[in-house]
1. Taking segment 1-49, which residues are among the hydroxyl-bearing types (Ser, Thr, Tyr) and in a loop (DSSP other than H, G, I, E, B)?
2. Between a first residue in segment 32-56 that is modelled with pLDDT of 85 or more and a second residue that is part of a helix (DSSP H, G or I) and open to solvent by 90 Å² or more (accessible area, probe 1.4 Å), which pairs have beta carbons less than 8 Å apart while being 6 or more apart in sequence or on different chains?
3. Say whether the condition of being closer than 30 Å to Ile84 by Cβ and surrounded by 10 or more Cβ atoms within 10 Å (Cβ to Cβ) is met by at least one residue in segment 40-49.
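The values are calculated or read from the model by the stated rules, or taken from the named source; none is laboratory data. Treat the numbers as computed from the prediction; the structure is a model and nothing was measured. Here the Cβ positions follow ideal geometry from the backbone for every residue, glycine too, while neighbour counts run over all protein chains shown. Protein only, heavy atoms only, side chains kept; ligands, DNA and RNA dropped before computing areas. Shrake-Rupley method; radii C 1.70, N 1.55, O 1.52, S 1.80 Å.
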Amino acid sequence: SIASADMDLNQLEAFLTAQTKKQGGITSDQAAVIAKFWKNHRTQIHESLINQSRWDNVLKNMNWRVDLKAQLRHIDQINTPVAIVEMELGKNGQ
C-alpha cells in the first residue's frame, strides 16, 4: 500500500498510525522500522515499480491518416471514414 500510493511522510505517518491501532496490526516498533526503511529507500522502490510495470517496447514512430471512400457498390458506404494507424515499436534503449 505504501509503495503503490508512493506515500509522502505525512501520509506514511497516518497510514502506519492506523495500522498500529488495527486489531492484529503492527507494533509501534515495526511501524518505526517501516518508516525508516521507506524514508531511506522510497526513490529506489518507486523506480523499481515503474520499471516493472513498463513495457519493454517503446513507440518509435507513428503515422496515421483518414481515408474517405468515394466509390463503392452500395451508396450507403460512400464517404464512410476509415482511419489507418501505423505504429513502429522498438526495444527500450535500442
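1. In the first step, residues of segment 1-49 are kept if they are among the hydroxyl-bearing types (Ser, Thr, Tyr); the result is 1, 4, 17, 20, 27-28, 43, 48.
If the condition is that a residue be among the hydroxyl-bearing types (Ser, Thr, Tyr) and in a loop (DSSP other than H, G, I, E, B), then Ser1, Thr27 are the ones that fit.
2. From residues that are modelled with pLDDT of 85 or more, the pairs are Ala35/Glu13; Lys39/Leu9; Leu49/Ser4.
3. First, pick out the residues of segment 40-49 that are closer than 30 Å to Ile84 by Cβ: none.
The answer is no; no qualifying residue exists.
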